[in-house]
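The values are calculated or read from the model by the stated rules, or taken from the named source; none is laboratory data. None of the values given here were measured: they were computed from a predicted structure. Neighbour counts run over all protein chains shown; Cβ positions are idealised from the backbone, glycine included. These accessible areas exclude ligands, DNA and RNA; they are computed on the full protein's heavy atoms, side chains included. Shrake-Rupley method; radii C 1.70, N 1.55, O 1.52, S 1.80 Å.
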Amino acid sequence: MEREKGRIDLRLIVGILLILVAIASSFYVVSVGERAVLLTWGKANPTPISEGLHFRVPFAQSVKKVEIRTQKYEAEASAASSDLQIVTAKIATNFRVSPDKVVEIYTNLGKDYAARIIQPTEQEAVKAITARFTAEELITRREEVRLEIKGLLFQRLGEHGLIVEEVSITDFDFSKSFNEAIEAKVTAEQNALAAKNKLEQIKFEAQQAVAAAEGQAQSIEIINEQLVKSQQYIDYLAVTKWNGV
């Protein structure tokens with residue numbers, strides 16, 4: 001009897017514990033900056049769950065949380081410029097999930113949606129925009145290139161419920177031969193600028209010499225005029241040059 005009673009007590013304790021676990025697991029919290037997808041026997045409820053404390057049916061329902069705050073995704077993309085130079089760019093995209101598209105994104109793309117949709121979309125955008133510029137323009141018009149890539153990503157990712165906030169091009173890398181050509185061009189431009197500055201200096205010095213010569217000639221002309229006109233001026237010159245002897 002005592003053994004049987006002990007077994008009954010043990011079963012009762014286990015049953016109570018299971019009930020408590022079930023009750024505890026019936027409630028879940030969605031934090032600020034999140035939305036939740038409620039699954040009933042694996043099927044998603046079409047309405048996303050907002051922040052707060054919520055109830056779910058134990059064992060029959062499960063919850064998948066999705067971040068809706070701003071996130072950053074970085075990836076490298078390779079493309080060819082309009083003059084057929086191979087360009088490698090590192091693109092950083094700041095984005096967030098549209099709250100009302102959480103269920104759609106989770107259902108169609110899963111939790112790994114960034115790698116599934118952002119990465120290939122970045123590749124396509126970089127190829128499409130880069131092909132419009134020469135390799136040199138990708139450097140000199142970098143801000144324009146960035147804005148065009150951002151606009152294309154905003155449009156295409158927006159179709160999937162992802163809101164693009166900012167796009168940065170953290171690096172542009174070209175072939176070794178192109179980098180050497182750019183370096184040689186910059187060096188040539190610097191040398192040309194130095195030569196131009198030197199020429200300007202020489203011209204200035206020559207102008208100064210001409211001005212001095214013209215001034216001296218004008219002084220001589222004035223003296224000659226005074227010599228003709230005035231004996232007193234001759235006396236003045238004699239006094240100014242007298243050394244006291």
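Looking at segment 22-44 only, could you name the residues that are modelled with pLDDT under 65 and under 15 Å from residue 60 (Cβ atoms)? Write out each step before concluding.
If we filter segment 22-44 for residues that are modelled with pLDDT under 65, which is where we start, we get 22, 24.
If the condition is that a residue be modelled with pLDDT under 65 and under 15 Å from residue 60 (Cβ atoms), then 22 is the only one that fits.
For the condition touching a residue at least 24 places away in the same chain (Cβ under 8 Å) and more than 28 Å from the chain's Cα centre (by Cα), what is the one hit in 37, 126, 102? Quick ask: steps written out before the conclusion?
Details: 126 fails: more than 28 Å from the chain's Cα centre (by Cα); 102 fails: more than 28 Å from the chain's Cα centre (by Cα).
Just one listed residue meets the conditions, 37.
Does at least one position in segment 40-52 carry a residue that is open to solvent by less than 80 Å² (accessible area, probe 1.4 Å), touching a Phe, Trp or Tyr at 6+ places or on another chain (Cβ under 9 Å) and without any contact (Cβ under 8 Å) to a residue 40 or more places away in the chain?
Yes: segment 40-52 contains one or more residues that are open to solvent by less than 80 Å² (accessible area, probe 1.4 Å), touching a Phe, Trp or Tyr at 6+ places or on another chain (Cβ under 9 Å) and without any contact (Cβ under 8 Å) to a residue 40 or more places away in the chain.
Here are 104, 122, 67: which of them is closer than 22 Å to residue 43 by Cβ, modelled with pLDDT of 90 or more and charged (D, E, K, R)? Spell out the reasoning first.
Numbers: 122 fails: closer than 22 Å to residue 43 by Cβ; 67 fails: closer than 22 Å to residue 43 by Cβ.
The unique qualifying residue is 104.
Open to solvent by less than 40 Å² (accessible area, probe 1.4 Å), under 30 Å from residue 42 (Cα atoms), modelled with pLDDT of 90 or more and polar (S, T, N, Q), is that true of residue 130? Break it down stepwise before answering.
Values: open to solvent by less than 40 Å² (accessible area, probe 1.4 Å): yes; under 30 Å from residue 42 (Cα atoms): no; modelled with pLDDT of 90 or more: yes; polar (S, T, N, Q): yes.
In short, no.
For residues in segment 142-166 being closer than 13 Å to residue 117 by Cβ and among the charged types (D, E, K, R), which is most open to solvent (accessible area, probe 1.4 Å)?
Per the criteria, the residue is 159.
Do we have residue 110 as open to solvent by less than 30 Å² (accessible area, probe 1.4 Å), free of Cβ contacts under 8 Å to residues at least 24 places away in the same chain and over 17 Å from residue 89 (Cβ atoms) here? Can you show your working first?
Values: open to solvent by less than 30 Å² (accessible area, probe 1.4 Å): yes; free of Cβ contacts under 8 Å to residues at least 24 places away in the same chain: yes; over 17 Å from residue 89 (Cβ atoms): yes.
In short, yes.
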